[in-house]
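Once you've had a glance at the structure underneath, I'll fire off some questions.
The values are calculated or read from the model by the stated rules, or taken from the named source; none is laboratory data. Just so we're clear, the structure is a prediction, and the values are computed from it rather than from any experiment. Here the Cβ is made from the backbone with ideal geometry for all residues, glycine too, and neighbour counts use every protein chain on show.
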């Protein structure tokens with residue numbers, strides 16, 4: 001977690017560029033449906049704001065093209081999906097999508113959710129063989145009466161929608177899993193600051209509307225069947241277009257038991273700044289679940305409708321990317337430092 005992966009190489013970026021024009025997806029069926037651009041719709045209750053995108057971790061390679069989506073007049077929803085897809089397709093990022101580290105049985109299982117400005121949401125959990133779970137989550141939101149599909153049902157739905165099955169376990173991820181299996185003799189994984197991560201992203205478009213997305217391959221070497229906070233609306237992600245949005249990263253079990261992202265948004269509704277809200281949510285987790293010296297990380301990012309943002313974490317090492325006012329920059333989040341051994 002403390003040392004983030006390298007950015008996309010040129011060829012991978014080029015292969016994804018077509019999606020940002022909404023002309024390429026997994027199949028012809030996808031091209032006609034999921035990839036259709038969504039115009040940004042004016043919100044009569046919103047004052048004009050500068051478009052902004054904030055994402056967990058150093059992801060300038062994803063927030064830059066996502067901002068291009070907004071500048072072309074498309075919606076915040078299109079932008080967060082585009083941002084998430086770029087990271088999902090990066091084999092060097094071993095905590096999200098293709099190349100993600102597998103569960104204890106050697107299976108790459110993916111979780112994702114997406115939430116639009118009108119309060120609708122879609123999610124998938126324990127999805128296998130599909131490179132872009134965020135796009136499947138959007139399909140769940142737009143094409144069904146449900147919010148969440150899981151496991152085999154989510155896979156069958158994705159195939160019916162035109163997504164194609166792929167082998168998501170890369171040679172590098174397989175090598176790491178085999179090494180872990182030999183060293184741990186198949187024992188269940190323990191949560192720590194190195195084995196889990198995610199990308200959560202929030203965006204405000206030209207009309208002041210906000211959407212969010214979250215996608216992950218979850219905790220490395222987890223017990224098969226485990227689902228973390230990332231696809232849970234209110235835990236890994238929450239957006240209220242009247243107030244703002246929040247995303248979480250880190251040990252999902254701690255976020256789920258506090259509905260962390262919902263808490264951050266509600267604190268902003270009560271008048272706290274995004275920074276104050278993130279700090280209060282982390283403090284609640286620490287007060288209820290942690291003791292001095294614990295090596296467990298949780299971090300939050302938040303943005304309100306004014307475009308103000310905040311970020312905070314339990315331990316040092318959490319960073320985020322902010323694209324605003326023509327600046328696409330990586331920032332280090334402030335932190336509580338529960339573990340005195342953390343620098």
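I need a count of the residues in region 68-83 that are part of a loop (DSSP other than H, G, I, E, B) and touching a strand residue (DSSP E or B) at 6+ places or on another chain (Cβ under 9 Å).
Going through region 68-83 one residue at a time, the tally reaches 2.
Identify all residues within region 194-216 that are at pLDDT below 95 and touching a strand residue (DSSP E or B) at 6+ places or on another chain (Cβ under 8 Å); write none if there are none.
Residues satisfying the conditions are 196, 197, 198.
State all residues of region 167-182 that are under 12 Å from residue 128 (Cα atoms) and within 21 Å of the chain's Cα centre (by Cα); if no residue qualifies, say none.
168, 169
Just name the residue that is modelled with the lowest pLDDT out of those in region 84-103 that are part of a loop (DSSP other than H, G, I, E, B) and within 11 Å of the chain's Cα centre (by Cα).
95
Here's another thing I want to ask about it. Across region 135-156, what is the number of residues that are in a helix (DSSP H, G or I) and either under 18 Å from the mean Cα position of the chain (by Cα) or closer than 18 Å to residue 97 by Cβ (or both)?
10
Would you confirm, using the coordinates I've provided, whether residue 106 is under 15 Å from the mean Cα position of the chain (by Cα) and within 20 Å of residue 228 (Cβ to Cβ)?
no
Another question, then. In this structure, is residue 179 at pLDDT below 95 and surrounded by fewer than 20 Cβ atoms within 10 Å (Cβ to Cβ)?
yes
Looking at residue 46 and the list (1) surrounded by 14 or more Cβ atoms within 10 Å (Cβ to Cβ); (2) over 21 Å from residue 308 (Cβ atoms); (3) at pLDDT below 55, which single condition is not satisfied?
(2)
Residues 141, 168, 148: which one is in contact with a strand residue (DSSP E or B) (Cβ under 9 Å, 6 or more places away or on another chain), more than 22 Å from residue 219 (Cβ to Cβ) and either at pLDDT 90 or above or loosely packed, with under 13 Cβ neighbours inside 10 Å (or both)?
Of 141, 168, 148, the one residue that is in contact with a strand residue (DSSP E or B) (Cβ under 9 Å, 6 or more places away or on another chain), more than 22 Å from residue 219 (Cβ to Cβ) and either at pLDDT 90 or above or loosely packed, with under 13 Cβ neighbours inside 10 Å (or both) is 141.
Hey, can you tell me all the residues within region 102-138 that are closer than 18 Å to residue 211 by Cα and surrounded by fewer than 19 Cβ atoms within 10 Å (Cβ to Cβ)?
118, 119, 120
Follow-up. When you go through (1) out of contact with any helix residue (DSSP H, G or I) (no Cβ under 7 Å at 6 or more places or on another chain); (2) touching a residue at least 40 places away in the same chain (Cβ under 8 Å); (3) part of a loop (DSSP other than H, G, I, E, B) one by one for residue 163, which number turns out not to apply?
All conditions are met except number (1).
Ok, one more. Filter region 213-246 down to residues that are part of a strand (DSSP E or B) and in contact with a helix residue (DSSP H, G or I) (Cβ under 6 Å, 6 or more places away or on another chain) and give me whichever is surrounded by the fewest Cβ atoms within 10 Å (Cβ to Cβ).
240
Do we have any residue at all in region 283-294 that's touching a strand residue (DSSP E or B) at 6+ places or on another chain (Cβ under 8 Å) and surrounded by fewer than 24 Cβ atoms within 10 Å (Cβ to Cβ)?
No: zero hits.
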